[in-house]
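Taking it in order: structure first as structure tokens, then the write-up.
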Amino acid sequence: MARHPRSIRSRAIPGRMLPIAVAAVSTVALAPAAAADSAGHGHGRFTPGAPGVGDPYFPLEGNGGYDVRHYSLDLAYDPDHDQLDGTVTITARATQNLSRFDLDLSGMDVERIWVGGQRAQHRRQGQELIITPRHGVRKGSVFRTVVKYGGVPQTIVGSPIVFGSPYGFLHTPDGAFVGGEPNGAHTWFPVNDHPNDKATYDYTLRVPEGLTAVANGRLTGHGRAVSTFSRRPGKTRAEVFRWREDSPMASYLTTIDIGKWVVKQGRTPGGVPSYTAVDPVLLKDQPDAVDFFHGTTAEVTDLWSKAFGRYPFGSTGAIADDARYEGQPLGFSLETQSKPVYSAVRSTGTIAHELAHQWFGDAVSPAQWKDIWLNESFATWSAWYYTELTGGRSAHDAARATYAARPFPDREGRPFWSVITADPQRDTMFNDRVYNGGGMMLQFLREKMGDEAFLTLLRTWYATHKYGNARTAQFTSLAQRIAGQDLSTFFNDWLYSPIKPELPQG
């Protein structure tokens, strides 16, 4: 995520659901089992899955008892009414004998749920959608859950987590802009909303005729149909877009972006398919915005492929919207997988930052949210390195200039150095020390190790944890092994200390 802070007022958005057509229900293995919360006659007791994964920053994000393999989202969005209706099919494997399990979903209205092709009971408790299937789900079995739901997705406002900027599902005049880090995915679809449960995704997106819907991954189909939008009478001609992300993806990296777009497709010089969508409003101030995003994305994608290892996904791209909330520009861009979203025309440095996340954050995701520096510090350093590689200021000079310029307090009035990079706390997890403090650490580590060993470290880190999750201790251990030296004092000073470390010589 790249930060572009502004102060924006808050408001709530009401929501309701009207009936929509339901997709066919299919089932993958649901084993017969004992009744909920009872013994399984030799097969083990069936118990509820945990309502969270135990992340100290977000105790209720994610859920226990199952591992999601795939999400299929069949959604209809009507921007005239801000209404989203859909059917989501979740394919998962049970990791325990489940009597019931939770999904994360805020707001929205749930009409019906099926588990293994049979109607299931459900109730709501805060963001928890608690589902009790007709029969227990046996450990190791693969089962499908289908949720039919709808309403007006709520934009998250007034939260200090993302610099005070609204985030999640943003309603725009002609559609939607979705940037959900860290906990915005469950505002618009039922999900196991924590990065440690990655899954693949299919999207079928229905929008009124004349609009385009863009999502993660590659476009697999586009057609037209007569569809029902729940708050419009009768049938409406609709555009239908199908997208597929077939690499594992953390839920906060999902996006659907709807509106009128100028689209450019092609391949990078290195051969990676690329899809760029730009809001035509942005062309008024920057007529070359489409070529700027498309060309810069291609250049940076290929550059990082050489520096860090082969590009991890099936496509690259950019989604650039004139995204506002109550008339005020949004304060962030986000590394949504395969196509970062930009809330305005941003700099080449921001594009380099968001595309570096495709390796560090998207392919390799944090195991817990306190490990967020493994995303943001790496992307910050990468933007410095991009400038260096393209003939600008060196990362060496950028790190030292940043060090010299950081005696001042942050927006909360705390000294910059008081935030612990490797455990910044929930409401300040995107604090400047996580970005620039960690970026400095990586540059100073580079200087201690030497270029060849440092780039070997980054490539090995990516290759070892690609499509998975990782922790800070794993990185520091790998760095010490590749460096062949004891770096414990260095990491203690730069990752775990709440005081200003001494500037390394050089």
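To the nearest ten degrees, helix 395-404 and the longest principal axis of the Cα atoms of the chain are 90 degrees apart. Annotation: for a label point projected 7 angstrom from Cα along Cα→Cβ of ARG124, residues of region 191-208 with backbone N closer than 15 Å are 191. Per-residue 3J(HN,Hα) values for region 426-442, derived from phi via the Karplus relation 6.51 cos²θ - 1.76 cosθ + 1.60 with θ = phi - 60°, read 4, 6, 10, 5, 10, 4, 4, 5, 5, 7, 6, x, x, x, 4, 4, 5 Hz in sequence order (x marks Gly and Pro). With a Förster radius of 22 Å applied to the beta-carbon distance between SER477 and ASP246, the computed FRET efficiency rounds to 0.10. For the set VAL345, VAL240, solvent exposure ranked by accessible area (probe 1.4 Å, protein chains only) runs largest to smallest as VAL345, VAL240. Residues with beta-carbon under 13 Å from that of SER497, excluding SER497: net charge, scoring Lys, Arg +1 and Asp, Glu -1? Every neighbour counted, the sum reads -1.
In this structure LYS264 has an accessible area near 70 Å², from a 1.4 Å probe over the protein heavy atoms. Between helix 472-483 and the chain, what is the angle of the helix's C-alpha long axis to the longest principal axis, kept within 0 to 90° and rounded to the nearest 10? The two axes meet at around 40 degrees. Take each peptide in 463-476, 313-326, count the other Cβ atoms within 10 Å of every residue, and average; sorted highest first, the result is 313-326, 463-476. With a ≥ b ≥ c the root eigenvalues of the C-alpha gyration tensor of region 369-496, is it rounded (a/c under 1.5), prolate (a/b larger than b/c) or oblate? Oblate, since a/c reaches 1.5 and b/c is not below a/b.
Karplus-based coupling profile of region 72-87, in residue order and whole Hz: 10, 9, 10, 10, 10, 10, 10, x, 5, 10, 6, 9, 10, 10, x, 10, with θ = phi - 60° in 6.51 cos²θ - 1.76 cosθ + 1.60 and x standing for Gly or Pro.
Between ARG45 and SER347, what FRET efficiency comes out of the Förster formula 1/(1 + (r/R0)^6) with R0 = 51 Å and r the beta carbon distance, rounded to 0.05? The calculated FRET efficiency here is 0.35. Across the protein chains, with a 1.4 Å probe defining accessible surface, the residues VAL152, VAL281 rank VAL281, VAL152 from largest area downward. A protection proxy built from the mean count of other Cβ atoms within 10 Å ranks the segments 274-280, 188-194, most packed first, as 188-194, 274-280.
Distance between the C-alpha centres of region 97-150 and region 277-309: 41 Å, rounded to the whole angstrom. Look at where the Cα atoms of region 422-449 and of region 212-268 average out, and the two centres are 36 Å apart. At a probe radius of 1.4 angstrom, the accessible area of the chain per residue rounds to 36 square angstrom. Here the accessible area is traced with a 1.4 Å probe on the protein chains. For the chain, carbon and sulfur cover 49 percent of it. Judged by the ratio a/c of the largest to the smallest principal axis of the C-alpha gyration tensor, region 215-273 counts as prolate, that ratio being 1.5 or greater while a/b is larger than b/c. About its Cα centre, the chain has a charge dipole of approximately 1200 debye under the convention of +1 per Lys or Arg Cβ and -1 per Asp or Glu Cβ, with nothing else charged.
The values are calculated or read from the model by the stated rules, or taken from the named source; none is laboratory data. As the structure is a computational prediction, the values presented were derived from the model and not from experiment. Every residue, glycine as well, gets a Cβ built from its backbone with ideal geometry; the counts of neighbours run over all protein chains shown. In case anyone asks, the SASA skips ligands and DNA or RNA and just uses the protein heavy atoms, side chains included. Shrake-Rupley method; radii C 1.70, N 1.55, O 1.52, S 1.80 Å.
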